[in-house]
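Take a look at the structure set out below.
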Amino acid sequence: MKFKTLLLAPVVGLLALMAMPNNANACTGLLVGKKASADGSVMITYAADSHVLYGELYHWPAMDHPKGAMRKIIEWDTYKPLGEIPEVAHTYAVVGNMNEHQLAITESTWGGREELVNPEGLIDYGNLIYITLQRAKTAREAIKVMTDLVEKYGYHSSGESFSIADKNEAWVLELIGKGPGRKGAVWVAMRIPDNAISGHANQARIQQIKFNDPENCLYAKDVIDFAREKGYFKGADKDFSFQKAFNPWSFGNLRGCEARVWSFFNRFADGMDKYLPLVMGDVTQQPMPLYVIPNRKITVDDMRNMMRDHFEGTPMDMTKDIGAGPNNVPYRWRPMDFEVDGKTYFNERAIATQQTGFVLVAQLRNWLPDEVGGILWFGVDDANTAVFTPMYASITKVPECYRQGNGDMMNFSWTSAFWIHNWVANMAYARYDLMIDEIRSVQKGLEQGFDKSVKDMDNKALALVKANKVAEAKQLLTSYCAETAVGSTEQWKKLGEFLLVRYMDGNRKKMENGKFKDNGFGMSAGPDFPGYNERYYRSIVNETGDKFLTKNSEK
């Protein structure tokens with residue numbers, strides 16, 4: 001989603017603080033190569049962060065189209081009609097951001113140079129993803145489809161990073177248009193080594209181009225010539241940096257964007273402390289690498305938990321300053337910046353954020369047939385309080401709780417996973433340090449249960465596929481995914497009811513043997529009064545002095 005930081009001019013050597021963007025609909029994408037994962041799967045993640053995006057699971061069945069059929073292009077962010085293009089003869093089935101061939105595509109917007117946006121372009125970044133998923137089988141094929149589409153019809157959006165992965169490899173594609181009246185785009189795509197991890201978070205990250213390595217680097221032939229034409233680059237080709245030319249650093253883009261990638265690298269790779277000055281906002285530092293080698297194999301659960309990150313255990317830990325309030329809340333309400341005494345300050349922007357439509361971990365497994373191999377671990381709302389449920393790429397129907405039309409951003413639904421998770425999350429924001437452990441207990445119990453049941457489903461579905469009963473395998477997996485999604489949503493609703501009863505009015509009811517404790521006569525026992533943390537109490541005293549001092553209070 002868009003992180004609108006379009007640059008009016010290059011910013012060089014900026015050390016002064018720049019305000020973080022107010023309209024921060026910003027996404028995060030993480031990538032894991034197959035030799036860096038614990039089970040040999042390729043994985044990519046996505047947090048579709050937006051203040052207006054409703055969390056639902058998209059689904060397009062495979063279809064044959066008659067000659068002359070046209071496809072309407074509706075801008076993903078706004079629903080604005082942009083035009084139409086000819087449809088291809090056959091389109092593949094797509095569930096969310098994964099298709100039936102275990103191809104997955106996600107994105108994060110970095111904006112870049114404002115003058116390169118082409119409002120006349122027909123293909124926006126959302127359509128670029130979902131059209132490609134319906135037309136490509138592999139990551140390399142997807143890169144060609146995407147770049148051919150914008151070359152032919154024009155690119156409507158600003159600068160983007162795309163994670164593009166299949167069951168064998170993962171790529172990062174960075175792309176930006178050429179400005180009004182010019183179709184096409186300039187772009188670079190880099191393959192992430194199988195033993196490495198990578199990420200992007202609303203800041204272009206590709207530096208030098210590997211000109212003579214087509215197995216690992218693809219690029220627009222005019223990418224450097226165009227940069228020279230526009231005055232973005234002078235020097236030898238070998239010194240050209242895509243990031244520096246099209247998305248120059250600012251303090252805000254390092255601290256609010258690149259820091260999220262650093263947090264991922266820091267959790268799984270050694271030696272990341274040397275990049276702290278960079279991600280704290282020093283634009284004079286050397287860039288982080290596009291990818292690093294992790295110090296251990298990474299699991300699906302690692303990736304789910306990484307999407308819940310708030311910089312815990314780092315200098316940017318969002319639970320450690322007064323902004324976390326009386327209950328150590330790792331969230332900061334928008335706008336991202338604020339003014340005090342004529343000075344501008346900012347809030348941290350972590351991977352996990354409150355305004356999220358949906359979140360996913362795409363798991364792509366080349367040792368299984370496509371009907372079984374691709375799993376979209378899918379959740380709605382804030383990743384921190386979401387439940388990732390397994391959605392096989394071959395399912396033929398979306399679970400009711402994720403169905404499009406089951407509620408929307410302006411209409412609540414008690415059968416919508418998005419609304420149930422928002423209900424629970426918004427209770428937790430107010431009493432975070434008291435509620436989060438109980439939320440984690442239910443969350444982990446559900447996800448660990450899914451990890452076990454997926455293994456059983458893999459075996460059952462694989463047996464059916466081997467017996468040439470593919471339709472039965474798809475039906476089995478469709479039913480299983482519906483049960484996991486609807487069942488977890490129902491359990492989350494019960495969790496919300498429990499939290500409301502236990503923490504009503506700032507109290508905390510006592511528990512005994514897994515039930516609310518009574519007084520021996522059927523009435524609720526007297527509750528605990530958790531109050532606030534010491535840091536908050538001290539802030540009251542620091543601000544008010546002796547105003548609330550109890551007489552003769554000294555011990």
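Take the Cα pairs of the chain, get the Kirkwood Rh, then feed it into Stokes-Einstein at 25 °C and 0.890 mPa s and tell me D in µm²/s.
Here the translational diffusion coefficient equals 99 µm²/s.
Just check the stretch 371-522 against the gyration tensor rule for me: Cα atoms, a ≥ b ≥ c as the square roots of the eigenvalues, rounded for a/c under 1.5, and otherwise prolate or oblate depending on whether a/b exceeds b/c.
prolate
Suppose every Lys and Arg Cβ carries +1 and every Asp and Glu Cβ carries -1, with no other charges. What dipole size does the stretch 273-338 come out with about its Cα centre, to the nearest 20 debye?
Computed charge dipole of the stretch 273-338: roughly 180 debye.
Taking 1 over the mean of 1/r across every pair of different Cα atoms in the stretch 189-333, what Kirkwood radius in Å do you get?
17.1
Residue 500 to residue 88: FRET efficiency via 1/(1 + (r/R0)^6), r the Cβ-Cβ distance, R0 56 Å, to the nearest 0.05?
According to the calculation, E is roughly 0.65.
In terms of the Cα gyration tensor, with a ≥ b ≥ c the square roots of its eigenvalues, is the stretch 18-118 rounded because a/c is under 1.5, prolate because a/b exceeds b/c, or oblate?
Oblate, because a/c is 1.5 or more while a/b does not exceed b/c.
Hand me the chymotrypsin sites (Phe, Trp or Tyr not before Pro) from the stretch 156-214 located in a DSSP loop with no more than 14 other Cβ atoms within 10 Å, in residue order please.
When the chymotrypsin sites (Phe, Trp or Tyr not before Pro) of the stretch 156-214 are filtered for loop state and at most 14 Cβ neighbours within 10 Å, 211 remain.
Under unit Cβ charges (Lys, Arg +1; Asp, Glu -1), what dipole magnitude, rounded to 20 debye, does the stretch 371-471 have relative to its Cα centre?
Dipole about the Cα centre, nearest 20: 460 debye.
May I ask you to order 276-285, 502-511 by the average number of other C-beta atoms within 10 Å around their residues, highest value first?
276-285, 502-511
Can you list which of the trypsin sites (Lys or Arg not before Pro) found in the stretch 103-177 are DSSP loop residues with at most 10 other C-beta atoms within 10 Å?
Hits after loop and neighbour filter: nothing returned.
Would you please state which residues of the stretch 194-232 a label at residue 115 would reach in this model, taking the label point 7 Å out along Cα→Cβ and a backbone N cut-off of under 16 Å?
225-232
According to the Kirkwood expression over distinct Cα-Cα pairs, how big is the hydrodynamic radius of the stretch 492-555, in Å?
Taking every pair of different Cα atoms in the stretch 492-555, averaging 1/r and inverting gives 14.8 Å.
For the chain, what does -39500 (n - 2.57) per DSSP helix run (n ≥ 4), summed and divided by total residues, give at 222 nm, in deg cm²/dmol to the nearest 500?
-9000 deg cm²/dmol
Could you report the chain's accessible area per residue, 1.4 Å probe, as an integer in Å²?
Accessible surface, normalised per residue, equals 42 Å².
In angstroms, what radius of gyration and Dmax does the stretch 67-191 have, counting Cα atoms only?
13.6, 39
Beta carbons within 10 angstrom, averaged per residue: use that to sort the peptides 522-531, 50-59, highest first.
Those peptides, ordered most packed to least, come out 50-59, 522-531.
About the Cα centre of the stretch 59-144, how large is the charge dipole given +1 on each Lys and Arg Cβ and -1 on each Asp and Glu Cβ? Please answer in debye to the nearest 20.
Approximately 320 debye in magnitude.
Just the number, please: carbon plus sulfur as a percent of the accessible area of the chain, 1.4 Å probe, no ligands or DNA/RNA counted.
Carbon and sulfur together cover 53 percent of it.
Using 7 Å Cα-to-Cβ label points, what is the residue 547/residue 320 separation (nm, one decimal)?
Roughly 3.0 nm, to one decimal.
The values are calculated or read from the model by the stated rules, or taken from the named source; none is laboratory data. These numbers were taken from a predicted model, which means no experiment stands behind them. As a convention, Cβ positions derive from the backbone with ideal geometry for all residues, glycine included, and neighbour counts pool all protein chains shown. In case anyone asks, the SASA skips ligands and DNA or RNA and just uses the protein heavy atoms, side chains included. Shrake-Rupley method; radii C 1.70, N 1.55, O 1.52, S 1.80 Å.
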